[in-house]
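Below: the structure, in structure tokens.
Computed from the coordinates by the stated procedures, all read-outs in this text should not be read as laboratory data. Keep in mind that this is a model prediction, so the values were computed, not measured. When we count neighbours, we look across all protein chains shown, and the Cβ atoms used for this are built from the backbone with ideal geometry, even at glycine.
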Amino acid sequence: MADLIRAQRDPHSESRGDAGTGAHGNVRGEALSYVQNHLYYPVTEYEMDHGEGVHLYDTEGNEYLDCASGTFNLSLGYGHPEVVKAMRDQAERLVHTTSTFQTAPINELVRRLVEVTPPNLTKVHLKVSGGSTANEGAVKMAQIATGRRDVVTLFRSHHGQTMMTTSMSGESFRKSPFPHLMPGVLQVPDPYCLRCFYRQAGPDSCGMLCVENINDFLDHASSGSVACIVVEPVSGSGGNIVPPDGYLPALRALCDERGIVLIFDEIQTGIGRVGRMFAAEHYGVQPDILTTAKGLGGSGAQVAAIVADERMSGLSSDHHSFTYGGNILAAAAAVATLDVIGRPGFLENVREVGAHIMERLRALAARHPCVVDVRGLGLMIGIEIGDDEGRPHSDRAQALARRGMDHGLILRTSRYGRGNVIKIRPPLILTRAEADLLCDRLDALFAEEAGA
Ligand code: PLP
């Protein structure tokens with residue numbers, strides 16, 4: 001079986017179904033060119049057929065281990081039976097009704113989200129359509145609660161793609177085409193210790209300047225009316241930047257001193273990704289508002305939530321309420337997902353398998369010069385790719401990610417394909433044996449790079 005998979009995946013093997021080659025390939029080639037002409041955004045030549053667990057299969061029967069969990073949202077992998085059953089049962093009963101009525105899945109999801117988030121977070125807002133609108137709602141809540149307006153985010157941050165969350169991005173490439181961004185957003189240096197903005201040696205001696213100096217930004221670069229600081233506890237798109245232990249507690253203290261609302265965007269870090277239900281729990285810090293989405297849907301249901309402290313009340317439905325928010329099918333999937341992730345041993349396995357991958361990747365780093373850093377928490381792992389002198393090398397990271405497909409690995413890179421960090425975020429159901437398969441395939445990919 002392994003040989004068969006390898007043969008199918010061999011880039012030189014005739015059995016591999018490249019678009020545009022062979023009789024079947026020509027049909028796919030035609031379909032691809034039609035799609036390229038008519039689909040608004042680009043797609044690759046791969047046509048996927050089905051998924052199961054951590055694996056995705058294309059129409060040629062090739063198997064891929066999905067290190068990106070779809071769009072980092074398939075916390076329970078492809079087609080988890082309990083999630084699928086919950087959605088199927090719910091679909092037969094009731095697919096949609098207005099969110100002004102109570103329904104059992106929504107009632108249960110509210111109860112469960114209050115239960116699994118930090119104890120100060122007791123107000124659940126479900127009328128959002130995804131991560132971007134959850135973050136936008138969180139900022140509106142902070143603005144209404146404080147009566148202030150500015151928003152502080154970090155360099156390299158990604159909080160979504162509505163116009164407000166685009167404005168909040170810590171990446172200029174996301175903002176450059178748009179003439180009217182939301183005013184009053186400022187970005188401050190992130191806790192990227194490997195390449196510290198303040199040129200410090202490390203968290204033991206730096207005095208946490210990346211928090212301390214936010215005071216200067218507030219005093220000199222803001223409008224003087226700052227509502228909130230929004231952070232991803234571990235940066236997702238930005239390059240899997242894991243903050244030093246004291247960072248988030250220090251940020252919490254700064255927000256308390258200055259009366260600023262602290263918002264954790266846990267859209268990637270939440271629902272078990274970092275080995276705890278939320279990163280807030282790992283770091284022992286309570287935000288005033290937490291947003292969650294992606295992994296909450298288990299096997300791909302579209303669900304998101306804002307969970308807020310009582311003091312953040314006040315955002316009316318007139319100001320933030322989306323048709324497909326509070327979706328009943330998705331709520332059923334989310335409850336099933338929380339059931340699975342909350343089971344004894346589930347998160348422990350995420351921590352153990354994640355630590356095992358990190359150990360194996362660090363061993364790989366010693367043998368493969370293109371790997372300059374390995375960092376992570378739970379199953380949120382980043383591999384920083386460099387040139388032979390250790391400088392960031394984005395082109396090399398993109399090429400490796402592309403060639404990963406030939407090795408049976410779906411890999412995504414940081415900064416939406418512009419960065420030099422390969423992101424390893426497989427479904428949380430990954431077993432140790434599957435983790436070894438993932439690392440063996442990475443080893444082969446990096447070895448090929450060394451010989452390239
Ligand atoms: N916040 C983070 C940390 C994300 O990674 C993303 C999506 O990648 C978002 C927000 C936006 O979520 P959505 O695409 O569901 O709007």
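Structure notes:
- Cα-based shape type of the range 79-122, given that a ≥ b ≥ c are square roots of the gyration tensor eigenvalues and the cut on a/c is 1.5: oblate
- Sites ALA355 and GLU52, calculated FRET efficiency, Cβ-Cβ separation with R0 45 Å, nearest 0.05: 0.95
- Here the simple spin-label model places points 7 Å from the Cα toward Cβ, and for GLU310 and ARG88 these points are separated by 4.3 nm.
- Exceeding the 22 Å Cα-Cα cut-off - candidates LYS140/LYS175; LYS127/LYS175; LYS85/LYS127; LYS123/LYS423: LYS127/LYS175; LYS85/LYS127; LYS123/LYS423
- Relative contact order of the chain, taken over Cα pairs closer than 8 Å and 6 or more residues apart, is 21 percent.
- Helical mean residue ellipticity (222 nm; -39500 (n - 2.57) per DSSP H run of 4+; nearest 500) of the chain: -12000 deg cm²/dmol
- The chain - share of DSSP beta bridges that are antiparallel (%, nearest 5): 65
- Distance from the range 108-142 to the range 165-244 (C-alpha centre basis), Å: 23
- Additional length obtainable on full extension of the chain from GLN102 to HIS38, 0.36 nm per residue less Cα span: 18.9 nm
- Take every DSSP beta bridge whose two residues both sit in the range 81-341; close to 35 percent of them are antiparallel.
- Taken along the Cα-to-beta-carbon direction at a fixed 7 Å, the label points for LEU194 and SER394 span 1.6 nm.
- Bridgeable aspartates and glutamates around LYS294 (alpha carbons under 14 Å apart, same-chain partners fewer than 8 residues away excluded): GLU232, ASP265, GLU266.
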